[in-house]
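> This is the structure I have questions about; it appears just below.
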Amino acid sequence: MTGSRDPGQRRKSRRAKRDGRRVPALVDTRGEGVGHYTWPDWPRPAGYPLQDRVGSVLRGRETWALGGAVMKRIGTSLSIMLVGVALLTVTVLVGCGLSSGINTGGTEVTEDPALFPAPAGDLWGYIDKTGAWVMEPKYDWADSFSEGLAVVRPEDNWYGFIDMSGEVVLKPEYSNAGRFANGLARVIPRNGVRWAFIDATGEVVIKPGYQAARDFGDDGLAAVRVGETWGFIDKTGAYVFELRYAGALDFSEGLAPVLEEDGGEWGFIDKSGAWVIQPEFTAARPFSESLAAVRGSSAWGYIDRTGALVIPQQFTGLEAWPFSEGLAPVLEGDGWGFIDKTGAWVIPPQYARVDPFSGGLAAVRDVDYNLLSYIDTSGKTVWTRP
């Protein structure tokens, strides 16, 4: 549906809601989500609801966490214990999770680049790559398209899925939902508390049973958490690995970052569960475009599948995300920018928040994750919020 009037003129006399397209996950020292892209949903890394240290949903999509924070329940209130010293964004994930892979972690979800979610006033619609409105804003919230479908939230506060013509494919009946990845999407049914997986017809393929779950990757595996422990399931819901990890991110390009025990280090396993890259990192992200972000004692760099450093550990900011379309978002100082595969800055760090590139554009956000604009791979602004 193409709007004939300026969507910026549309307003409703209701309480404004914090907006935000899915962003990569925020993780604590175990790699667990404390707020979320897609990891960059990862990666794509997807944004997810605020979660506590073990991935339990605390609040809805509009609530975003402080970077590096560990969220805990205290009765009906929340306390925030800062682990980092700066505010960060997402991805895999995670328990709703980097997630879209954070996606800091998350399986790279293939988005459909023809349409991009965008707000006008209190409502969300979709623009094309030129910034022209294709679907007039009418949703309380809208996410990117993936595998031909997008999660949207009408006014009834439940999540459903539409196709690229705007037709409702799956009715709004989920209290939370992730993007489709490799044929399945993570959802929490209405009034439910645990994650399940559905197919594109809405049929429940894997029943609710997980406090946290990540997207299925190209390897056909998804990381899930039961209690305090992570493991991996296949598309039938059968465990491929027993629940034995303190932290786990998505399989991507045949490898997955895992944390064997609290206080330990991250390494990478293959689909047999064998270590391919031994645990030696304080943090790690899934592979994307043959590289993975890893953090040593004080800085981020990128390794190849042999574990060799391709980009030295030179970025001292608190976050670095997977590559997407040849560029990786990296936080340096107080600003996010984008590097290429040599480690050179293509778009210097200057933004309060960013999303990874998808379909040639990346979202730029303010410190509260409100979408401000879209930029292209040269850093040129192609759309600004009306």
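None of the figures in this text is laboratory data; all of them are computed from the coordinates on show. Here the structure is a predicted model, which is why all the values come from computation and not from measurement. For neighbour counting, all protein chains shown are included, and Cβ atoms are generated from backbone atoms with ideal geometry for every residue, glycine included.
> Would you pull out the residues with amide H under 5 Å of residue 120's amide H, same chain only if 5 or more places away, H placed 1.01 Å from N?
Here the answer is 125, since their amide H atoms fall under 5 Å of that of residue 120.
> Describe numerically, in nm with one decimal, the distance between label points set 7 Å from Cα along Cα→Cβ at residue 325 and at residue 368.
Placing both labels 7 Å along Cα→Cβ, they lie 2.8 nm apart.
> Compute the FRET efficiency between residue 290 and residue 199 as 1/(1 + (r/R0)^6), taking r as their Cβ-Cβ distance and R0 = 30 Å, and round to the nearest 0.05.
With a Förster radius of 30 Å, E is 0.50.
> So what are the three principal axis dimensions of segment 126-206 from its Cα atoms, in whole Å, longest to shortest?
39, 28, 16
> Extending each Cα 7 Å along its Cβ direction at residue 167 and residue 382, get the distance between those two points in nm, one decimal.
Going by the 7 Å Cα→Cβ label model, 2.8 nm.
> Another question about this same structure. With θ set to phi - 60°, apply the Karplus curve 6.51 cos²θ - 1.76 cosθ + 1.60 along segment 336-349 and write out the HN-Hα couplings as whole Hz, x wherever there is a Gly or Pro.
Whole-Hz 3J(HN,Hα) from phi for segment 336-349: 9, x, 10, 10, 9, 7, 9, x, 7, 6, 8, 10, x, x.
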